[in-house]
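In what follows, a single structure is set out as C-alpha cells and then discussed.
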Amino acid sequence: MNSFYIAERTGKKILKTANSLGESALMIKSVFFWLFKSKIEVVEMTRQAVKIGIDSLSVTALTSFFTGMVLSLQSGNTSKNIFNEPLYIGSIVAFSMVKELGPVLTSIVVSGRAGAVVTAEIGTMKVTEQIDALYTLGTNPTRYLLIPRYAAFMLSLPILTLFADFIGIIGGFIVSTVKLQIPASVYWDDIFSYMKVHDFTHGFLKTFVFAFMIATVSCYKGLSTKGGAEGVGKATTEAVVISMVLVLVIDYFVSALLVMMGI
Amino acid sequence: MIIVENLSKKFPGKQVLKNVSCKIEDGDIFSVIGPSGIGKSTFIKCMIRLLKPDSGRIEVDGANIADIEDEFELAKARRSFGYLFQEGALFDSLTVMENVSFGLKYLTDIPAFKHSAVVSEKLALVGLNNVENLKPAELSVGMKKRVALARAVATGPKYVLYDEPTTGLDPVTGEMVTELILDMKKKTGVTSVVVTHDVKLALRISTRVAMLYDGEFTAVEPPEKFQRLMNPEIREFIEISSRQR
C-alpha cells in the first residue's frame, strides 16, 4: 500500500514536471514567434528594465560589497597563515567576483527581487482575468507582457553584474588596504597583471543565460498561477526557489562549456 | 447575428456544455441564467474564443469562429466583441485613461491624439467624469465596473458580452449597472449577451432568456413566456432566487 502510494506520488510529480517543461518550451516558442512577428513594446520594456534594475540595485550592491570584503579577509588571513604574508589578494577577489560570484550572486538577488515581482504581477493578472482581458482587447499577452520582461531581464542582469563585480572588487580593496595593510598599488597591480579579457567574458556571458532562465521561470510560474491570492503566493515562492536553484545548477554546466570552449 | 450550433466543451472530469444551440439576433439582449458553476461563463468565453470549444459552430455574421487556429485571425474575429468581466479585470498598473484607451491602440485606426476625447466620451456614457488619471485601486467596485464597461465599448463593438454584471455589487450599484446595460443598447444599439444568476436582472432587461442546466439550454424564451414555464428546473431556480431577495 505504502509503496503504491510512493510510486503514485512520484509518478504524478514526474508527469507534472514533464508537463511544466513542455508548457515552458511552448511559452519560449511563443516568445520567439511574437518577437519577430510584432512591434516591441519599447515603453513597457524600458519601464520593466528600469524597475528590475532599481529594485535589485541596492541589494546587489550590499551583497557584492560584503562578499568582496569577506573574500579579501578570508584569503588574506589564510595566505598569512600559510605564507606569512597576504599574496595575490587582488587577483583572488577579482577572479572570484568576475567569473563566479558577481554573476551568480546578482542572479540570485534578481531572482528574489525582480523575479518574484514579475511572477506576482503576472499571476495576479491571471487570477483576476486581466490576461483574458488582453486577448479581448486585441493584444497577445506574450507580446505585451512576456517580451518586454524577457528583454528587461536580458538587459538589466548583465549591467547589474558589471556593477556587482566593480563593487565587490572595491569591497575587497578596502579590507586589503585597511585591515591587511596591502598597498593599494599591489592590490590593483595583482588584478591587472593576471586578469585577461576572456576571464571577464566568461562571467559576463553567463549572465545572459541566467537572465533568460529567470525570465522563463518567473513568467511561466506567473502564467500558470491558479487559485486566487493563495495561488499567487505559492507561484511566487516556487518561482524564486526554482530560479535560485537553477542559477547554481546551470552555472556549473555553462562554466564547464565555456571552459571547454576556451573562454 | 450570432448562431451557436451544437457547442460542446469538456473540462477534465466534467462535461460543461453539451450540444448547446441558440440564435442571437442583432439588437437582442440575450441572457443566460443558471446556478453558479454551471458553465455560463464557459459559454461566453467560447463565444469570444477565450476558450476553444471541443465541437460545434459559432457563426458570427456568417463566419464560423469556432475552428480558427491562427492568432491573428482570432484577434480579428474578437474585434466584433466587447467583454465585461465579472470583476472588471482592469489593468492595475494603468490609469483609467490608459485602460479605456487600451483597445483603441490595438483594435482601431484612431490616431493617438484623439484617444483622450474618445475615452472622455465613453466615460461620460457610463456616467463618470474626472477619473481619467486615477488607478483602478482608487475606484469603488461600482466605478470599476463602469470603467470596465467603458473599456468594453470604447472600440465600438457590435456585440457586448457581460459576465455576471451585477455580482458582488450592492443593490444600488447593481441597479445602476442594470440601467447601464439598457442604456448602452439604447444609445449604441449593441447586441448584448448577459450571463447571470440574477433572475430579476435577466427578466427585466432581456429580449430572450435561456436557462443553462446540466450543460444544455432547457429553454430559450422571451422573459414574459419564460416566467410562466413549468419546467421544474426553471421553476425551482426562479423560486429560490425570489426567496433570496
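Counted by Cβ distance under 11 Å from A:Val98, the other residues give a net charge of 0, where Lys and Arg count +1 and Asp and Glu count -1. Separation of segment A:125-195 and segment A:41-91, taken as the distance between their Cα centroids, equals 11 angstrom. For segment A:99-186, the set of GluC sites (Glu not before Pro) satisfying both a DSSP loop assignment and a count of at most 14 other C-beta atoms within 10 Å is empty. A dipole drawn for segment A:1-131 from +1 and -1 charges on Cβ atoms has a positive end, and of A:Ala18, A:Gly53, A:Gly102 the residue lying farthest that way is A:Ala18. Dividing the helix sum by the residues of chain B, where each DSSP H run of 4 or more adds -39500 (n - 2.57), gives a mean residue ellipticity at 222 nm of -11500 deg cm²/dmol. Could you pull out every one of the aspartates and glutamates with an alpha carbon less than 15 Å from that of A:Lys221, ignoring same-chain neighbours closer than 8 positions? Here the aspartates and glutamates satisfying the reach criterion relative to A:Lys221 are A:Glu23, A:Glu121, A:Glu230, A:Glu238. Scan chain A and hand back the longest stretch that contains none of the trypsin sites (Lys or Arg not before Pro) lying in DSSP loops with at most 12 other Cβ atoms within 10 Å. Result, exposed sites excluded: A:40-195.
Applying both filters, DSSP loop and at most 16 other Cβ atoms within 10 Å, to the chymotrypsin sites (Phe, Trp or Tyr not before Pro) of segment B:111-211 eliminates every site. Each residue of segment A:129-146 is assigned a 3J(HN,Hα), and the resulting list reads 6, 5, 5, 4, 4, 4, 4, 5, 9, x, 10, 8, x, 4, 5, 7, 9, 6 Hz, derived from the Karplus form 6.51 cos²θ - 1.76 cosθ + 1.60 (θ = phi - 60°), x at Gly and Pro. Residues in segment A:39-260 average 43 Å² of solvent-accessible surface per residue, probe 1.4 Å, ligands and nucleic acids excluded. Local charge for B:Arg57 was computed over the other residues whose Cβ lies under 11 Å away, with Lys and Arg +1 and Asp and Glu -1, and equals -3. Counted by Cβ distance under 15 Å from A:Ile6, the other residues give a net charge of +2, where Lys and Arg count +1 and Asp and Glu count -1. Hydrophobic, long helices, defined as DSSP H runs whose alpha-carbon span along the helix axis is 24 Å or greater and whose mean Kyte-Doolittle value is at least 0.0, occur in chain A at A:2-37, A:42-83, A:147-178, A:197-223, A:228-260.
Modelled spin labels at B:Glu69 and A:Val245, positioned 7 Å past Cα toward Cβ, are 3.6 nm from each other. Site pair B:Asp170 and B:Asp26 shows an inter-label distance of 4.1 nm when each label is modelled 7 Å from Cα along Cα→Cβ. Residues whose amide H falls under 5 Å from that of B:Asp54, counting only those 5 or more places apart or on a different chain, are B:Ser8, B:Lys9, B:Lys10, with hydrogens built in the peptide plane.
The values are calculated or read from the model by the stated rules, or taken from the named source; none is laboratory data. Keep in mind that what you see is a predicted model, and the values were worked out from it rather than measured. Reconstructed Cβ throughout: ideal geometry from the backbone, glycine too, with neighbour counts over all protein chains shown. Note: areas computed on protein heavy atoms with side chains; ligands, DNA, RNA excluded. Shrake-Rupley method; radii C 1.70, N 1.55, O 1.52, S 1.80 Å.
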